[in-house]
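Everything below concerns the one structure shown next.
The values are calculated or read from the model by the stated rules, or taken from the named source; none is laboratory data. As the structure is a computational prediction, the values presented were derived from the model and not from experiment. Here the Cβ positions follow ideal geometry from the backbone for every residue, glycine too, while neighbour counts run over all protein chains shown.
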Amino acid sequence: MPRNLTLHAIRSFQELLDLSAQWNDLLTAYPPATTFSTPEWLMSWWQSFGQHSNFLVLALFDSDSRLVGLAPLSLSKERFGLASFRILRLLGDGSGDSDNLDMPVKPGYGREFAESIFQFLGREKRTWDICSLNTMPADSPMPNLIAEFCKSQGWLLFQDKRVCSFIPLPDSWEKYLQQLSSEDRNNLERYTRRLQKRYATRIYRCTREDELSACLEALYRLHQLRWEKAGEPGSFASQERREFYRLLSRRLLESGQLEFWILELDGVIRAAQFAFRFRNRVFQLQEGYDPDFFSDRVGFVLRGEVLKQLVSEKITVYDFLGGADAHKARWGAEVGHYVDLHFAPRFKRGGAWLWALNSAEKNKERLRSNLPAGIWNLLHKANLARRRLRSPVADSPSHGSNSNTESKS
């Protein structure tokens, strides 16, 4: 390879752990880096959800054995109806918990990194059928490079976008309040004052390990209340997800990235917001509030106090992650997007399956009107399979647009 670069396939968790220091150095040099590409996130995810996948991380080293690119992948066998396929995904994808999944690369090495990845995938194409890279950041250099190399190889490629939303935070709380409607500005002050009058109110950030377990249990309980009342299992019915949050929160707390905010009334936790920061950006992952205190707008008050504190600490972006719900727009959120890439060698079984899935999606309205019901139902199942490529649990309330959020009163 040019510049004496070497690509190494890491197939054990411990081998990746040994690279933690170089991994963090690489993230420091990579402008679009987020928490979702850190050791704290990906190691916690793998320990919690990785039991059904094979570990595969591609690491690019320069002539001095310094890490200049990292493609964290996993390989799993997934069933779609009667067929099963070996799917390459970004590490962290598949559980519904991760956004902004990426392949960090040192500036100036992107093209060589993409080329080395495709050389590896070409050599190993007997071991995988479809590569499904979901929720890659729009400002990452890798989606465009991957698309370019797919086309140069003659591989079948489909690209999708999915929406996300974020609040650009100004440099003062007064400026931020001007972004809100007059009703919401007034309500923030009114409900905060009312809470303080009715209850002994405490809003704080969890910064101590001895508080962490109680705060997590409160988050689980509050988030589950809404979903269980609606007859749904809820995110935290999953023991794997509870373990993920347990591991992740401790690692983020230790590294100073955790933004876990709590609202107590009369000594009892009534609202919780689980978030984390990376550089000058805070990502809001999960939240919950006690529906018995809906009229007190505890979740609304908590978010307002969190935003006020973050503005004072010069955080410039509050990221809601996936989705663009109306309640996010009320807080001044702007809409962005992630990039999904699905590709496979054109004349292999994975390529044939991708082509069939996307043809069904493209022509579904015309086919719905002209096909017998039985055949349409088969194609409808194919469309569901296409959605599962984006995420096997795309409809789970794990984060983002499905957060347990109060509606406008």
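The figures follow:
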item	result
Count of residues meeting criterion [crowded, with 17+ Cβ neighbours inside 10 Å, over 21 Å from G122 (Cβ atoms), of a type outside the set (A, V, I, L, M) and touching a residue at least 60 places away in the same chain (Cβ under 8 Å)] in the range 70-111	13
Evaluation of P233 against (1) modelled with pLDDT of 95 or more; (2) surrounded by 12 or more Cβ atoms within 10 Å (Cβ to Cβ) (one fails), failing number	(1)
L19 vs. criteria under 24 Å from D139 (Cβ atoms) and not assigned by TED's automatic domain parsing to the domain that holds L253	no
Residues of the range 319-337 satisfying the condition of being touching a helix residue (DSSP H, G or I) at 6+ places or on another chain (Cβ under 6 Å) and closer than 18 Å to A272 by Cβ	F320, L321
Residue ID - nearest to E124 (Cα to Cα), chosen from residues in the range 6-27 that are charged (D, E, K, R) and part of a helix (DSSP H, G or I)	E15
Residue within the range 114-129 that is closer than 23 Å to L357 by Cβ, in contact with a Gly (Cβ under 6 Å, 6 or more places away or on another chain) and modelled with pLDDT of 95 or more present	yes
Residue list for the range 11-46, restricted to those being surrounded by 13 or more Cβ atoms within 10 Å (Cβ to Cβ), under 28 Å from Q239 (Cβ atoms) and of a type in the set (A, V, I, L, M)	L16, L42, M43
Qualifying residue in the range 290-299 (condition: under 17 Å from R226 (Cα atoms), hydrophobic (A, V, I, L, M, F, W, C) and not in a helix (DSSP H, G or I))	no
So T127, is it under 21 Å from the mean Cα position of the chain (by Cα) and among the hydroxyl-bearing types (S, T, Y)	no
Wholly within the range 163-281, helices (runs of 4 or more DSSP H) carrying at least 3 residues that are touching a Phe, Trp or Tyr at 6+ places or on another chain (Cβ under 9 Å)	182-198, 209-229, 239-255
Selection from the range 28-46 of residues that are part of a loop (DSSP other than H, G, I, E, B) and over 16 Å from D18 (Cα atoms)	Y30, P31, P32, A33, T34
Inter-residue pairs, beta-carbon under 6 Å, first in contact (Cβ under 8 Å) with a residue 12 or more places away in the chain and in the range 188-207, second part of a loop (DSSP other than H, G, I, E, B) and of a type in the set (K, R), 6+ apart	Y191/R297
Number of positions in the range 47-69 that are within 18 Å of the chain's Cα centre (by Cα) and surrounded by 21 or more Cβ atoms within 10 Å (Cβ to Cβ)	2
Residues of the range 226-239 classified as touching a residue at least 40 places away in the same chain (Cβ under 8 Å) and over 16 Å from the mean Cα position of the chain (by Cα), total	5
Any pair with Cβ under 6 angstrom, 6 or more apart, that starts in the range 209-224 at a residue that is crowded, with 18+ Cβ neighbours inside 10 Å and ends at one that is assigned to a helix (DSSP H, G or I) and modelled with pLDDT under 95	Y220/F236; H223/F236; Q224/F236
